[in-house]
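Quick notes on the structure that follows.
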Amino acid sequence: MTPQDALTDVPGMRVGHAQRTEADRPGWLTGTTVVLAPEGGAVAGVDSRGGAPGTRETDALDPRNVVERIHAVVLTGGSAFGLDSASGVVSWLEEEGRGVPVGPDPAQVVPVVPATVLFDLGRGGRWQARPDAALGREAVEAAASAEPGAPVPQGNVGAGTGAVVGGLKGGTGTASTVLPSGVTVGAIAAVNAAGSAVHPQTGALYGELWDSPPPVPEERTHAEARRRLTEAQEETGRRSAGVLRPPLNTTLAVIATDAVLTRAQAQKAAGTAHDGLARAVRPVHLMHDGDTVFSLATCERPMADGEFNDLLGAAADVLTRAVVKAVLAAESVDGPGGVFPSYRDLYGRS
């Protein structure tokens, strides 16, 4: 199987997107992403560091509580309204007989589906356009129908459809790596932040400053890009349906691995992965962000002594790269809710 540099490189993990845009329905720019665990579920952890998280069933992941494995994770637009999309995922899982057994009948299961939301209300121009249970079902069905190890669409898809980062069009990105032992670590992120992904003096992406040497735009290119971005932000202000003060945002992510992790280790991995987000977006974890990272472990590959530290470092690294890939894959949007230019369009990156 050819690696895809994606979360789906973790065996058993599948990803599905569903979205609505102006092309589908006037005034829409939002979507949902589902990370579907293997049929036996996955050990999970979560760490929310923004000041305004919108979540569902995250308390179940506390290592002190009873749930041992979860069955899917939902990342979605729509702010608190978008949590409805998780209901569609839960109903699909129940129909498939996937969940925590709670009775003698095999059909008596309760799927555990943590979910978290980002703020994209009004970005398409219509405030009431937000994901619902039907969109969640569409996303989980897309995940279930994907081939194992399939490429994951990036950019203006799923939860990243209406995402914006520092005035630029944000999006969905994914990345993976393999540790020397063969353990795989992957990430997927929906990048939507009040902070910026771009260094203000050079135009370089923060997340690429860790590479050597990073691509740095020419001074003239950067000056023109900043001028065009300022114009776009002013025009977005005039199309005020998608703009609030203070800005409401949130970046969402899932880290996954095939390593054997305890629930406490999964929670630690989610927390350490936030370091990767902080490298790629500045400032981050603000009071009107809800930045949340989940971690999932299929527990198929034992780790060697001391390897957990390597996994923690890799979780941060792949999340940094997923953010960069999201920004580079995003496409410009010029619609009723605002003008959101892409980094590629402003800087000529391929």
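The values are calculated or read from the model by the stated rules, or taken from the named source; none is laboratory data. Computed from a prediction, not measured in an experiment: that's the story for all the values here. Cβ atoms come from the backbone with ideal geometry, glycine included; neighbour counts cover every protein chain shown. Remember, those area values only see protein heavy atoms, side chains included, never the ligands or the DNA or RNA. Shrake-Rupley method; radii C 1.70, N 1.55, O 1.52, S 1.80 Å.
Things worth noting here:
- Considering only A280, M303, T292, and ranking their Cα positions along the charge dipole of segment 270-316 that arises from unit charges at the beta-carbon of Lys, Arg, Asp and Glu, the one farthest toward the positive end is A280.
- With Cα atoms as the point set, segment 57-162 shows a radius of gyration and Dmax of 15.0, 49 Å.
- Once exposed loop GluC sites (Glu not before Pro) are cut out (DSSP; at most 16 other Cβ, 10 Å), longest piece of the chain: 97-217
- Whether segment 197-349 is rounded, prolate or oblate, judged on the alpha carbon gyration tensor where a/c under 1.5 counts as rounded: prolate
- Using 0.36 nm per residue and subtracting the Cα-Cα separation, the extra length available between S350 and A52 on full extension is 103.8 nm.
- This model, with +1 at the C-beta of Lys and Arg and -1 at the C-beta of Asp and Glu, gives the chain a dipole about its Cα centre of some 960 debye.
- For the chain, the longest principal axis of the alpha carbon atoms and the long axis of helix 307-329 meet at an angle near 40°.
- Binned Cα-Cα distance frequencies in segment 281-350 - 10 Å width, integer %: 14, 30, 32, 17, 7, 1
- Check: segment 187-266 dipole with +1 on Lys, Arg Cβ and -1 on Asp, Glu Cβ, in debye: 400 debye
- The portion of the accessible surface of segment 1-88 made up by carbon and sulfur, rounded to a whole percent, is 47 (1.4 Å probe; DNA, RNA and ligands excluded).
- Once backbone amide H atoms are built at 1.01 Å from N, V333 has F340, S342 as its partners under 5 Å, excluding neighbours fewer than 5 places away on the same chain.
- Segment 10-52 - charge dipole about Cα centre, Lys and Arg +1 at Cβ, Asp and Glu -1, debye rounded to 20: 60 debye
- Available extension along the chain between E300 and E96 is 71.2 nm, counting 0.36 nm per residue and deducting the alpha carbon span.
- The Cβ shell under 14 Å around Q128 holds other residues with a net charge of +2, Lys and Arg each +1, Asp and Glu each -1.
- Three-way shape label, segment 168-249, alpha-carbon gyration tensor, a/c 1.5: oblate
- Given the chain, longest segment not containing exposed loop chymotrypsin sites (Phe, Trp or Tyr not before Pro) (DSSP; at most 16 other Cβ within 10 Å): 211-350
- Treating each Cα of segment 177-224 as an identical point scatterer and summing with the Debye formula, the log10 of I(q)/I(0) at q = 0.19, 0.21, 0.25 Å⁻¹ comes to -0.79, -0.86, -0.97.
- Interchain or long-range residues, amide H under 5 Å from W28's placed H: E22
- Pair D211, D24: separation of 7 Å Cα→Cβ label points (nm): 3.1 nm
- Per residue accessible area in Å² of segment 121-272, where ligands, DNA and RNA are left out and the probe is 1.4 Å: 40 Å²
- In this structure the amide hydrogen of A52, modeled in the peptide plane, comes within under 5 Å of the amide hydrogens of D289, G290, D291, none closer than 5 places in sequence on its chain.
- Measuring nothing but protein heavy atoms, the accessible surface of segment 109-200 at 1.4 Å probe radius is 56 percent carbon and sulfur.
- Think of it as helices only: each DSSP H run of n ≥ 4 in the chain is worth -39500 (n - 2.57), and spread over all residues that comes to -8500 deg cm²/dmol at 222 nm.
- For the chain, relative contact order (Cα pairs under 8 Å, six or more residues apart, normalised by length) works out to 25 percent.
- Around D317: net Lys/Arg minus Asp/Glu count, Cβ-Cβ under 13 Å: -2
- Placing unit charges on the Cβ atoms of the charged side chains and taking the dipole of segment 253-350 about its Cα centre, the candidate lying farthest along the positive direction among V254, A316, V339 is V339.
- Of interest is the spacing of the C-alpha centroids, which for segment 91-137 and segment 281-350 amounts to 23 Å.
- Between E307 and A134, the contour length at 0.36 nm per residue exceeds the Cα-Cα span by 58.2 nm.
- Overall, the ratio between the Cα radius of gyration of the chain and 2.2 N^0.38 Å, rounded to two decimals, is 0.94.
- Near D334, once Lys and Arg are set to +1 and Asp and Glu to -1 for all other residues with Cβ below 14 Å from its Cβ, the sum equals -1.
- Percent carbon-and-sulfur accessible area, segment 255-350, ignoring ligands, DNA and RNA, probe 1.4 Å: 50 percent
- Farthest toward positive dipole pole in the chain [+1 Lys/Arg, -1 Asp/Glu at C-beta], among S350, T58, S91: S350
- Legend: residues S295, S196, S181, sorted from most to least accessible area (1.4 Å probe; ligands, DNA and RNA excluded), read S181, S196, S295.
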